[in-house]
Amino acid sequence: MIRPIVLYGDPVLRREAQPVRLDDPELPRLLQDLWDTMYNAEGVGLAAPQIGVSLQVFVVDAAPLQPEGEPPFKEAFLNPRLTATGTACVPHEEGCLSIPGVRERVFRPDSIQLAYYDAEGRLHERTFAGIVARIIQHEYDHLLGRLFVDYLSPVRRQLVRKRLHQIARGLVEAPYPTRTYAH
Ligand code: NI
């Protein structure tokens, strides 16, 4: 089911998400809703807090952004833990379905190692690089209550400040269903 995407300004995006129980009977539906909502919005990743669920779950389908020849990457991540990061930081332009219309360059480690459970409850520890590592780090941040705009320089932050206020006040249209935090 396509769920409305929670927009910037909603406190659920700033909360630390709780671990999910792998035998939670609601889990298959949550995963399906994340996939449906992400694909409907033409995103490459979506974290549970972005549909208002403060649990440590996110989904990634990097295929639209992967270089030609790279095997398409699609995975669900439950209770992920970052176990190592590469030493080189690289820039890349990022956006976020919860912050429509804002795209900014963010520096992040070029590779990461992550322990996580997949949708079938199997434990993995894998190394990721390139665009896949980029998307995973962005989504992982959502589980910690962090957003990509937190990394901007004071100057860049000032430039997007007005837009962020507009989003938080529900004055911005997105080409997918959204939910603004009601005061
Ligand atoms: Ni995001």
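What tally of residues in segment 40-63 results from selecting those that are assigned to a helix (DSSP H, G or I) and either more than 15 Å from the ligand (Cβ to nearest atom) or polar (S, T, N, Q) (or both)? Break it down into steps so the answer makes sense when it comes.
If we filter segment 40-63 for residues that are assigned to a helix (DSSP H, G or I), which is where we start, we get 40, 48-51, 63.
Pick out the ones that are also either more than 15 Å from the ligand (Cβ to nearest atom) or polar (S, T, N, Q) (or both) and you get 40, 50, 63.
Qualifying residue count, segment 40-63: 3.
Pick from 173, 125: which is over 19 Å from the mean Cα position of the chain (by Cα) and part of a strand (DSSP E or B)? So that I can check it myself, show each step before the final result.
Working: 173 fails: part of a strand (DSSP E or B).
Within the list 173, 125, the selection yields 125.
Every residue, every condition in (1) β-branched (Val, Ile, Thr); (2) more than 14 Å from the ligand (Cβ to nearest atom), yes or no:
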| position | (1), (2) |
| --- | --- |
| 87 | yes, yes |
| 98 | no, no |
| 103 | no, no |
| 110 | no, yes |
| 114 | no, yes |
| 142 | no, no |
| 177 | no, yes |
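None of the figures in this text is laboratory data; all of them are computed from the coordinates on show. Since the model is a prediction, treat every value here as computed from it, not as a measurement. All Cβ positions, even for glycine, are placed from backbone atoms using ideal geometry, and neighbour counts span all protein chains on display.
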